[in-house]
1. ³J(HN,Hα) across region 79-92 via Karplus (A = 6.51, B = -1.76, C = 1.60, θ = phi - 60°), whole Hz, x for Gly/Pro?
2. Taking the dipole about the Cα centre of region 30-175, with the C-beta of Lys and Arg at +1 and of Asp and Glu at -1, give me whichever of Met108, Ser129, His59 is farthest to the positive side.
3. Could you run the Karplus curve 6.51 cos²θ - 1.76 cosθ + 1.60 with θ = phi - 60° over region 147-153 and give me ³J(HN,Hα) per residue in whole Hz, x for Gly and Pro?
4. Which chymotrypsin sites (Phe, Trp or Tyr not before Pro) from region 51-137 combine a DSSP loop assignment with at most 15 other Cβ atoms within 10 Å?
5. Amide H of Trp95: which non-local residues (sequence gap of 5 or more, or other chain) have their own amide H closer than 5 Å, using H built in the peptide plane?
6. Under a Cβ-only charge scheme (Lys and Arg +1, Asp and Glu -1), can you give me the dipole magnitude of region 76-175 about the Cα centre, in debye to the nearest 20?
7. Using θ = phi - 60° and the Karplus form 6.51 cos²θ - 1.76 cosθ + 1.60, what ³J(HN,Hα) does each residue of region 133-139 get, whole Hz, x for Gly and Pro?
8. What whole-number value in Å² describes the accessible area per residue of region 46-142 for a 1.4 Å probe?
Amino acid sequence: RRLRKEIRWSEGDSSLRRELSTVTKPPTPQLTYVAPLARNILTEGGSDWVPGVMKVLDHQYHKFLDTNKNESRIGGLALRNMSMKPSEYFARNVWIGSSFITPRENSMRYEVGVDRIMWGADYPHSEGSYGFTTEALRAAFGGVPEDETRAMVETNAAAFFGFDCRKARFLEQRE
């Protein structure tokens, strides 16, 4: 499904011109957004920003819906059609490709979502961990439970991209 934006009237619409002759102001356009079930990856930006940004977006979302606030006149109409908060859309539709995961980011992994973080070595870039990947993994994931480390290093990306980890391990063993 693709994102659609439908505007139910336009200035060139003759029926609108007839309506305008009987009203003092033009009707408010009704915007309908059909949110896609798109899966998105944000890469090379780390993941420590996610909790703070989601908190701000959710706060703004609630302000826009509060008819006692001026903000509701700006975006309230469009947001009333949203069935979830911004953070819920993010949790459902967005993964983070995070190179150079730091211990600070790991401490925030539950807020971001362990199932949404995908570690990256940034290969072949010279600033990546190539040549020192084992050390980089130890520094990034030391003290993190093995199942969570495996998810962030392997299975999240494999599931997202449709890779078969068993086949990859089999091919690796053959070499």
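1. In residue order, the calculated couplings are 6, 4, 7, 7, 8, 9, 6, x, 5, 6, 4, 4, 4, 7 Hz.
2. His59
3. In residue order, the calculated couplings are 5, 6, 4, 4, 4, 6, 8 Hz.
4. Loop-located and lightly packed - Tyr130, Phe132.
5. Asn40, Ile41, Leu42
6. Here the size comes out at about 360 debye.
7. 5, 4, 5, 5, 5, 4, 5
8. That works out to 60 Å² for each residue.
The values are calculated or read from the model by the stated rules, or taken from the named source; none is laboratory data. Only a predicted model underlies this, so the values are computations on that prediction, with no experimental measurement involved. Neighbour counts run over all protein chains shown; Cβ positions are idealised from the backbone, glycine included. With ligands, DNA and RNA removed, areas are computed over all heavy atoms of the protein, side chains included. Shrake-Rupley method; radii C 1.70, N 1.55, O 1.52, S 1.80 Å.
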